[in-house]
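A short write-up of the structure that comes next.
Rule-based calculations on the coordinates, nothing more; no lab input. Given the structure is predicted, the values throughout are model-derived calculations rather than measurements. Backbone-built Cβ (ideal geometry, glycine too); neighbour counts: all protein chains shown.
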Amino acid sequence: SLGSDSAKAERMFRLMDGFLKNDSISLQQDILRHVEYTVARSRFNFDDFEAYQALAHSVRDRLIERSHDTQLYFKRKDPKRVYFLSFEYLMGRSLSNSVINLGIRDQYADALSQLGFEFEVLAEQEGDAALGNGGLARLSACQMDSMATLDYPAWGYGLRYEYGLFRQVILDGFQHEQPDFWLNFGNPWETERVHVTYPVKFYGVVEEENLNGEKCNVWIPGEVVEAVAYDNPIPGYGTRNTITLRLWAGKPSDQHDMEAYNTGDYINAVVCRQKAENISSVLYPDDRSFQGKELRLKQQYFFVSASIQDIIRRFREAHSNFDEFPEKVALQLNDTHPSLAIAEVMRVLVDKEHLGWNKAWDIACKIFSFTIHAVIAEGLEKIPVDLLGSLLPRHLQIIYEINFKFVEELKKRIGLDYNRLSRMSIIEEGAVKSIRMANLAIVCSHSVNGVSKVHSELLKAKLFKDFYELWPEKFQCKTNGVTQRRWIVVSNPSLCALISKWLGTEAWIRDVDLLTGLRAYAADPDLQQEWMMVKKVNKMRLAEYIEAMSGVKVSLDAMFDVQTKRIHEYKRQLLNILGIIHRYDCIKNMEKSQRSKVVPRVCIIGGKAAPGYEIAKKIIKLCHAVAEKINNDTDVGDLLKLVFIPDYNVSVAELVIPGADLSQHISTAGHEASGTGSMKFLMNGCLLLATEDGSTVEIVEEIGADNLFLFGAKIHEVPKLREEGSPKMPLQCARVIRMVRDGYFGFKDYFESLCDTVDGGKDFYLLGSDFESYLEAQAAADKAFADPNKWTQMSILSTAGSGRFSSDRTIRDYAEKTWGIEPCRFPSDG
Ligand code: BZD
């Protein structure tokens, strides 16, 4: 009989035959069971995609098991938890990453081969989860992997967009955007929690009510939308811990529609219900700046409100006194996008929990911390007061109150310095009165950080100088990092095996500092030989992909020179293209006898332009126009090729990065907050050609200036160079611009405005003044590549020095110094 709870649990465990097993027969049985009953295909007749689906479902079962264990364990231990709030996550594919983190990749590969399938081929069937734009979103994904691996009691919260980042299609060299309806073929990783739903309110009015003799504010909403949770398991590596990324989707709220049904307008009521789903339907594809659009604001509040309700519900399961809230909860704001959470926490504590304002504020100030990813004031989010007031009337009142109290306090500290007071105010007066979300986040957070050393210094010296002077202790630096699990183990298995062989251990996968052990062998001819072989194999893979995508055949002996990232003027893909034109021009004008000295190059560019970003789109077109000319010039042949890789995303990055010899990170100094692509290339033994910007400065500290190719103006030189204008555009630069202007690559009129950005008198991004030193750095790279042993040594040293740029280091730093949380590891070996 089922007497006690533990007897019940015991019996259930026996009925289920213990946990899922990972021997080859069990895995095969599991996969076939999913083919037959989940995918509903005959196990005697299913294709690769169906095999992938079944495989994914069998992996998902194992993830769910671990996730249950982890959650129960957290519940029992009740540690302080961190809640990571991010509007965007670029997870990419999950299959390979999951089986590697679960430690059962080889078992699966084995099981599949006995069924006549190849693991790698099935893994290719998976589409990317692209719920984000660029660096910020991929960083969130890397950090989730580290939080799970380091056993931190963490949750990620975000939005489940139905349309992820648009797919880039190139027609005639022009970018076109196509919707990414990524859920079309189902998503085996997520679990819909139909019972985890919360109402989210919008519009309406605030009324004052009398509650036991005390005045209190009651918000009567005009619209209510239900948020439903979709849970995505994030497995750690070498641990049983599996944490959750909870994404919210909109669904209609029954509550709200009652009246419409009663008045008989049935059709209209049903149509209105659908509006609710629109909230989470599409990701904004622009990573440049804030969007003062109502839908964007609705998305932000929707995700914040549902997350806060969920966090408070979990807290209440074990606690009744909000004094304990800061001991149990840390909330991390990933940029300003989720910073309405501050007003929401205040609203809940004051209006619903009836805590006094000061007490509520004290709690809020202890739980929030804030990461800034922007560099310039224009990149900071501002929300028009009118918009906020109509959508979230109570929140506007709360923000006014926060600001009033802050400014009063400030006056006491700094006196009546009205200029400074108005700069620091959360409210910006002016043509469009707005809320400065960054100011709100800084005022409330106990920690504010930049994402690299130079960025954090810039925040203190420029963007938030006034705040730094007021609260120097709040300002921190947390240099970004990326996860070596995804960026070496998953994407470069041969390099992974080689590293483990030479270090004599796989421990570096969890303890990445061990990579420095490779330094001792950097000059060893045996390692160099094997290292070169690995690179060759990866270049081969990439070359095949390039040929399939663009029809261009490339030589494996050439240097693969890659610049892949979002297209932005400040990232200077244009400088790269102008450099390529210069290289082409030089080859054309060279004596034939001299050509044997040219180091052959394959230049690879990839990235998406925001749909409304005209100049960025012109850069893409120019790249194609130049490629067309060069690649069809038989006279130049293998000495130079240029290819544009369309639809760059996480899974394409996993193929491109391991195959690169050289990668370019050439932003105008002072414009890239950190840059994380460079870290992935570095881990894969790719040499960097870079400006001293963002995290490159720290990469130089780690691997030494001799092991990469630096060029260009330094951060402190930029303002002066800009003031001077571009007094003399170097001849070489002027010449290549002229070629574009003269129609050498066609589309002469179309490129005019693009050329103007360089030689039109302003040259804001300093292409002209950096051009010569860029060419010098390129020449130095050519020279180094001509000596394969030297190059390989530099490559080994790059990987060896990449440990500091692991997100494990970043997350440990946040956990220990900012969140005040400790690992909470399920007692098992993983
Ligand atoms: O964040 C990027 C920075 O530009 C990089 O320098 C930095 O390495 C990464 C990670 O810290 N910022 C973004 O990716 N920003 C956005 O994607 C974004 C999205 C929406 C609105 C504004 C910016």
key: Gyration tensor (alpha-carbon) shape descriptor, segment 705-794, a/c threshold 1.5   = oblate
ask   = What residues have an amide H closer than 5 Å to that of L283, excluding those fewer than 5 places away on the same chain, when H is modeled at 1.01 Å from N in the peptide plane?
value = Y163
remark   = Two pseudo-spin positions, 7 Å from Cα along C-beta at A377 and at W471, lie apart in nanometres by 2.1 nm
task = Name the residues whose placed amide hydrogens come within less than 5 Å of the amide hydrogen of T564, ignoring near sequence neighbours (fewer than 5 apart) on the same chain.
result = G606, Q664
query = Across segment 484-805, how large is the tail of the calculated P(r) beyond 34 Å, expressed as a percent of all Cα pairs?
reply = 20 percent
ask   = Among D110, D647, D172, what is the fewest-to-most ranking by other Cβ atoms within 10 Å?
value = D172, D110, D647
Antiparallel content of DSSP bridges confined to the chain, in %, to 5 = 45 percent
note = One finds, for E327 and F404 with R0 = 30 angstrom and r their Cβ-Cβ distance, a FRET efficiency to the nearest 0.05 of 0.55
Rounded to whole Hz, the Karplus (6.51, -1.76, 1.60) HN-Hα couplings of segment 151-165, x for glycine and proline = 6, 7, x, 10, 10, x, 10, x, 10, 8, 5, 7, 10, x, 4
note = In deg cm²/dmol, rounded to the nearest 500, the helical mean residue ellipticity at 222 nm of the chain, built from -39500 (n - 2.57) for every DSSP H run of length 4 or more, is -14000 deg cm²/dmol
message = Residue by residue through segment 348-358, what is 3J(HN,Hα) from phi via Karplus (6.51 cos²θ - 1.76 cosθ + 1.60, θ = phi - 60°)? Round to whole Hz and write x for glycine and proline.
response = 5, 5, 7, 7, 9, 8, 6, 7, x, 4, 5
query = Is the shape of segment 631-682 best called rounded, prolate or oblate, per the rule: a/c under 1.5 gives rounded, else a/b larger than b/c gives prolate, else oblate, with a ≥ b ≥ c the square roots of the Cα gyration tensor eigenvalues?
reply = prolate
request  = Rank-order 298-304, 816-822 by packing density, defined as the average count of other C-beta atoms within 10 Å over each peptide's residues, highest first.
outcome  = 298-304, 816-822
ask   = Just how many % of Cα pairs in segment 158-221 lie over 18 Å apart, if you round to the nearest whole percent?
value = 67 percent
request  = Let me know the Kirkwood hydrodynamic radius for the chain, please, with Cα pairs as the basis and the value in Å to one decimal.
outcome  = 28.6 Å
key: Under 5 Å, built H, 5+ apart or other chain: amide partners of D647   = Q168, G607
query = So for the pair K275, D61, with labels modelled 7 Å out along Cα→Cβ, what separation do we get in nm?
reply = 4.5 nm
task = Return V443, V432 ranked ascending by Cβ neighbour count within 10 Å, so the fewest neighbours appear first.
result = V432, V443
request  = Just rank R541, R486, fewest to most, by other beta-carbon atoms within 10 angstrom.
outcome  = R541, R486
request  = Rounded to whole Hz and in sequence order, give me ³J(HN,Hα) for segment 484-499 from the Karplus expression 6.51 cos²θ - 1.76 cosθ + 1.60, θ = phi - 60°, writing x for Gly and Pro.
outcome  = 5, 5, 5, 8, 10, 4, 6, 8, 9, x, 6, 5, 4, 5, 5, 4
query = Any number yet on Rg/Rh for segment 464-544, C-alpha, Kirkwood?
reply = 1.23
task = Can you pull the one-decimal nm distance between simple spin-label points at D106 and S4, each 7 Å off the Cα toward Cβ?
result = 4.2 nm
ask   = To the nearest 0.05, what FRET efficiency results for L171 and A780 with a Förster distance of 45 Å applied to their C-beta separation?
value = 0.75
note = Burial-style ranking of 406-412, 97-103, average other-beta-carbon count within 10 Å with highest first, yields 97-103, 406-412
